[in-house]
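Peer 1: Below you will find the structure I want to go over with you.
Any read-out appearing in this document is the output of simple, stated calculations on the displayed coordinates, not a laboratory observation. Predicted model, so just to flag it, every value in this text is computed and none were measured. Every residue, glycine among them, receives a Cβ derived from its backbone with ideal geometry; neighbour counts consider all protein chains shown.
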Amino acid sequence: MTPEAITAAAAGTWTMGDLVVNRVGFGAMRLTGSAAFHQGKPSDRDRSIAVLRRAVELGVNHIDTAAFYFSSLRSANELINSALAPYPDDLVIAAKVGPYRDYSGEWLAPARPEDLRGHVEENLRQLGRDHLDLVYLRRMRQESISEHFGALAELRQAGLIRHLGVSSVELRHLAEAQAIAPVVSVQNQYGLGASDPGTDNVLRSCAEQGIAFVPFFAIAGKGGAQGADAPAGSDDDAVQAVARAHDATPAQIRLAWTLRQGPHVLAIPGTGNPDHLTENVAAGALRLTDEETARLDAVHQAAR
């Protein structure tokens, strides 16, 4: 089967609350430019819209976005609205709130609990929707998330939000949120050789509780928001060797390894390149052997 014929269904599905999604989704951040947020050259609008439409054609039914994903010329939410509205019935759009930027792109102080309704309503306005399928509270270094998460729980009760998630959290924050309202998904930085502190424990806890774990920067590794880094030494050797064995790219192997961490693990690779989109979706069909997985696991452990 050619990569172009592989759909997002190849990786299987997971249910978040009552929302069934294919395990390979799409992250919208990089639609706005060549680098994260307002940095880099603004993307081509028509190509970004074409990528979104092609993603849905390839079976992607889970898109991750945020109102603070914008550049000087592009807004991820506006692109999603223009490309996909009226939205397919099975499309799940997840948004994040907490961080805040002004129109010039400068980051402001993290939102206060009373600010979050405005952030949710801004996402609704930009996306042209009357509710959000899933909203993550992105923790911004605060010790406790109870007040912020409680504010989102109230918006869920009001019907503006269907399901809740948390992002950039430790186990204690997840427990804190669960004491207030159900958590269907956790989104932390996690990838081969790079992860947030304590995230391995969070990943395991999510598996035990049936909570989706949605890593960001799974391809980028330590490059994070700036894009994929260039692994060196044994990391490069291992990933390259496994990639050659599967006639795949290193990015595809990183995604396949991420998905191998458990059936509850979803992937949201982002790109503004249609060829990379096809490769990312096709990575869901890769099946690493136990030996290959163990080799890559060793790379992950060594990098910590």
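Peer 1: Among Y103, Y87, Y136, Y69, which comes first, second and so on when ranked by fewest other beta-carbon atoms within 10 Å?
Peer 2: Values: Y103 7, Y87 17, Y136 25, Y69 28.
Ranking Y103, Y87, Y136, Y69 by Cβ neighbours within 10 Å, fewest first, gives Y103, Y87, Y136, Y69.
Peer 1: May I ask which residue of P250, A151, T32 lies farthest towards the positive end of the charge dipole of the chain, with charges of +1 (Lys, Arg) and -1 (Asp, Glu) on Cβ and the Cα centre as origin?
Peer 2: T32
Peer 1: With point charges of +1 on the Cβ of Lys and Arg and -1 on the Cβ of Asp and Glu, referenced to the Cα centre of the range 3-302, which listed residue (P215, P182, I93) lies farthest in the positive direction of the dipole?
Peer 2: Highest projection toward the positive end goes to I93.
Peer 1: May I pose another question? FRET efficiency for L73 and A109, Cβ-Cβ distance as r, R0 = 41 Å, nearest 0.05? If you can, show how the numbers build up before the last one.
Peer 2: Numbers: r = 26 Å, r/R0 = 0.63.
According to the calculation, E is roughly 0.95.
Peer 1: Compare V214, V20, V202 in a GNM of the chain, Cα atoms joined below 10 Å, and give the one with the largest fluctuation.
Peer 2: Of V214, V20, V202, the Gaussian network model singles out V20 as fluctuating most.
Peer 1: Test of understanding: given the chain, find the longest segment containing no GluC sites (Glu not before Pro) that are in a DSSP loop and have at most 15 other Cβ atoms within 10 Å.
Peer 2: Numbers: sites that count: E106, E143.
Result, exposed sites excluded: 144-304.
Peer 1: Taking the Cα centre of the chain as origin and charging only Cβ (+1 Lys, Arg; -1 Asp, Glu), how large is the dipole, in debye to the nearest 20?
Peer 2: Numbers: 28 positive and 36 negative charges, 59 e Å.
Dipole size: approximately 280 debye.
Peer 1: Which of I180, I268 comes first, and how do the rest follow, when ranked by fewest Cβ neighbours within 10 Å? Intermediate values should be presented prior to the final figure.
Peer 2: Numbers: I180 17, I268 24.
Ascending number of Cβ neighbours within 10 Å: I180, I268.
Peer 1: Pick from T65, T289, T278: which residue has the top mean-square fluctuation in a GNM of the chain where Cα pairs under 10 Å get a spring?
Peer 2: Looking only at T65, T289, T278, the largest GNM fluctuation is found for T289.
Peer 1: Compute the label zone of R53 within the range 60-95: residues whose backbone N is under 17 Å from the point 7 Å along Cα-to-Cβ.
Peer 2: Label zone hits: 60, 78-88.
Peer 1: Given the rule -39500 (n - 2.57) for each run of at least 4 DSSP H residues, summed and divided by the residues of the chain, what is its mean residue ellipticity at 222 nm, to the nearest 500 deg cm²/dmol? List each step's numbers first, then the result.
Peer 2: Numbers: 10 runs with 110 residues, N = 304.
My calculation for the chain gives -11000 deg cm²/dmol from helical runs alone.
Peer 1: Could you put W257, W107, W14 in order, starting from the residue whose Cβ has the fewest other Cβ atoms within 10 Å?
Peer 2: Numbers: W257 25, W107 12, W14 22.
Going from sparsest to densest Cβ surroundings: W107, W14, W257.
Peer 1: Given the options R260, R112, R139, state which has the largest fluctuation in a GNM of the chain using a 10 Å cut-off (strictly under) for Cα springs.
Peer 2: R112
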